[in-house]
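Below is one structure; the comments refer to it alone.
The values are calculated or read from the model by the stated rules, or taken from the named source; none is laboratory data. No experiment lies behind these values; they were computed from the predicted model shown. Note that we place each Cβ from the backbone using ideal geometry, even for glycine, and neighbour counts take in every protein chain shown. Quick note on the areas: whole protein, heavy atoms, side chains included, nothing else; ligands and nucleic acids left out. Shrake-Rupley method; radii C 1.70, N 1.55, O 1.52, S 1.80 Å.
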Amino acid sequence: MKRTSKQWLRNPDMYAGYAFIFPWLLGLFVFSLFPIFFSLYLSFTDYDILSAPQWIGFENFKEMFTDDPRFVKSVKVTLLYVAVAVPLRLCFALAIAALLNMKIKGARALRSLYYLPTLMGGSVAVIVMWGQLFGLNGAFNSFMRSIFGIEISISWITDPSTALGSLIVLSVWQFGSAMLIFLAGLKQIPASLLEAALVDGASAAYRFRRITLPLLSPVIFFNLVMGIIGGFKVFSEGMILTGGGPHDQTLFYVIYLYENSFRFLHMGYGSAMAWVLLLAVSILTALVFRSSSLWVHYESKGEREA
Amino acid sequence: MNATSQKRGGNLWLSAAVWGFAIVMIYPLLWLLSSSLKHTTEVYSQAHKLIPAHFYWENYVSGFKGFAGHSFFLFFQNSLYVTIFSVVGTVIASTMAAYAFARIRFPGSAFWFACMMLTLMLPSEVLIIPQYMLFNKLNWINTFWPLIVPSFAGGAFFIFLLVQFMRGIPVELDESARIDGCGRFLFFAKIMLPLIVPAIVTTAVFKFIWTWDDYFAPLLYLNSAEMATVSLAIKSMADPTMETNWGALFAMSVLSLVPVVAVFIAFQRYIVEGISTTGLKG
């Protein structure tokens, strides 16, 4: 039944509904919708915030892919970071979650301890500390010298060959959130299944591979998607510790985007980079979703009841 | 029985290994705490020792001197100001929007809900430049407004979390309240809000931690020392072009983590559940 506009206006729920979403709706227009379309427009312009934007068509995108080695470098660095840090972090998270899921003394306290680095890792204080821990005279080198007698005379953060690695270790160290999500997933696995396999004589490794992993695959999938998206957006760690250096070895995509937009005031170019990031994240997420049917095992409701 | 005792023995080794690894994992945090109590010369000459030779509390005094003539008290005050208003704004706007999406059937609600879910996926980097231009036009650069005002539009993730929570509350409650003559606004304030306190706490706790730790927005919008938040202040004190008093810097670093740790201790259950049930990143 089609309602006339008058009925529509007399609907008291309409006023109530829009009154309640008003702050959010206003914010949506001002802080999301307007900016997203405006940045799309800016990505086709040359703009330095001081003078009006100049329409230049696809020039920004062309420059990015054909004439900007630093852009290519930033893509490579970010991809390498994501490709190494995300799987490593998930492995640690899963391993520790599986161990904590066993009957271990003080599992709750352990859970909090393993979560602490993640809780604090986002703060500038811990990032700055990381730089000193792995600095030339930091605790790590000092340890190596005093306990193992190994003299290390590099600063892990500022040496071009280890800078990215030390940022990857910083990211892997913060596996706490993924671990908590895995723990919740592990608790959902029916004990009866694992016991049945145990009775049948299946080894622990076999049970983990054939029962735990398939049942946990939706959770692994979720953590993977979130990890990839978060990895593409990495900023503070690099900005604070290395500033993208040495020799652009840690020039993460968002750092280069920030430099272009707010240091060189190439805001058109920065907008174009942001849109490439948006597209890349969307495409990658879609790809991972597409591939999920190949390896993610979704249990049907009937199966769970059994 | 032999099998169980063997299993116990295995578990003991396992427990020891898991505990040992946990110590390794939190060692950097312990090192930070210990370095904040060492004299600056000792921080690096004795970097491998966790217990300082002398407890050098003066670091905390000299740390509070801050930099550029501003006491560290000011930076804490700035951070607290920004964080509290952001949390309050987020909670108000998010619960309101969530209530409308969960309980009121109004024309366009499905459409706007879909819009909200889309913004969940949106990388904020796409929005930064136009937002900066907007705040620049409003003359809000180097004020706290750009850090606070967007919070009063709520957060998509929190709205989603609150909607999910409200859907678990029986609709019969709404109906009986309506029969008793209770209007929507009264129902929201008097009946719904008290029932969703756990979800509100989760929202507040995460918003608190994220805002307190945030570095990007302060870096972008605050450019004078007296406006600096704790994040910016610590970064400025660690400036590689200046001679850094590391002991004092570590002392302030430890203090900057205190609010986050306090919130974690007080609301651990909400944080753990928030992450494990909705995947909120911690």
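State yes or no: is A:Phe222 more than 12 Å from every other protein chain (Cβ to nearest Cβ), under 19 Å from A:Cys91 (Cβ atoms), surrounded by fewer than 18 Cβ atoms within 10 Å (Cβ to Cβ) and in contact (Cβ under 8 Å) with a residue 40 or more places away in the chain? So A:Phe222 does not fit the description; no. So, in region B:195-250, how many residues would count as being acidic (Asp, Glu) and part of a helix (DSSP H, G or I)? Looking only at that region, the number is 2. Does any residue of region A:52-70 turn out to be among the β-branched types (Val, Ile, Thr), away from chain B (no Cβ under 14 Å), over 26 Å from A:Gly227 (Cα atoms) and in a loop (DSSP other than H, G, I, E, B)? There is at least one residue in region A:52-70 that is among the β-branched types (Val, Ile, Thr), away from chain B (no Cβ under 14 Å), over 26 Å from A:Gly227 (Cα atoms) and in a loop (DSSP other than H, G, I, E, B).
Against the conditions (1) at the interface with another protein chain (Cβ under 9 Å from one of its Cβ atoms); (2) buried (at least 17 other Cβ atoms within 10 Å of the Cβ); (3) in a loop (DSSP other than H, G, I, E, B), A:Met120 satisfies every one except (3).
Applying the criterion of being more than 17 Å from the chain's Cα centre (by Cα) and more than 11 Å from chain A (Cβ to nearest Cβ) to the residues of region B:142-156, the residue that is nearest to B:Met117 (Cα to Cα) is B:Trp145. Of all residues in region A:138-151, how many are in a loop (DSSP other than H, G, I, E, B) and either among the basic types (Lys, Arg) or loosely packed, with under 14 Cβ neighbours inside 10 Å (or both)? Of the residues in region A:138-151, 4 are in a loop (DSSP other than H, G, I, E, B) and either among the basic types (Lys, Arg) or loosely packed, with under 14 Cβ neighbours inside 10 Å (or both). It is to be established whether one or more residues within region B:73-89 are without any contact (Cβ under 8 Å) to a residue 12 or more places away in the chain, outside any loop (DSSP other than H, G, I, E, B), open to solvent by less than 40 Å² (accessible area, probe 1.4 Å) and not basic (Lys, Arg). No.
Matching residues to (1) among the charged types (D, E, K, R); (2) open to solvent by less than 20 Å² (accessible area, probe 1.4 Å); (3) assigned by TED's automatic domain parsing to the domain that holds B:Ile84; (4) in contact with a strand residue (DSSP E or B) (Cβ under 7 Å, 6 or more places away or on another chain):
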{"site": "B:Ile148", "(1), (2), (3), (4)": "no, yes, yes, no"}
{"site": "B:Ser151", "(1), (2), (3), (4)": "no, yes, yes, no"}
{"site": "B:Gln164", "(1), (2), (3), (4)": "no, no, yes, no"}
{"site": "B:Val171", "(1), (2), (3), (4)": "no, no, yes, no"}
{"site": "B:Glu175", "(1), (2), (3), (4)": "yes, no, yes, no"}
{"site": "B:Ile179", "(1), (2), (3), (4)": "no, no, yes, no"}
{"site": "B:Gly183", "(1), (2), (3), (4)": "no, no, yes, no"}
{"site": "B:Phe187", "(1), (2), (3), (4)": "no, yes, yes, no"}
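Considering region B:55-72, the residues that are part of a loop (DSSP other than H, G, I, E, B), touching a residue at least 24 places away in the same chain (Cβ under 8 Å) and surrounded by fewer than 18 Cβ atoms within 10 Å (Cβ to Cβ) include one that is farthest from the other protein chains (Cβ to nearest Cβ), namely B:Gly69. Looking only at residues in region A:102-111 that are outside any loop (DSSP other than H, G, I, E, B) and more than 7 Å from chain B (Cβ to nearest Cβ), the one that is surrounded by the most Cβ atoms within 10 Å (Cβ to Cβ) is A:Arg111.
Considering only residues in region B:102-146 that are within 30 Å of A:Leu50 (Cβ to Cβ) and of a type in the set (Ser, Thr, Tyr), the one that is surrounded by the most Cβ atoms within 10 Å (Cβ to Cβ) turns out to be B:Tyr132. Looking at the structure I just gave you, is B:Ile275 part of a helix (DSSP H, G or I), touching a residue at least 12 places away in the same chain (Cβ under 8 Å) and of a type in the set (Val, Ile, Thr)? Criteria not met by B:Ile275.
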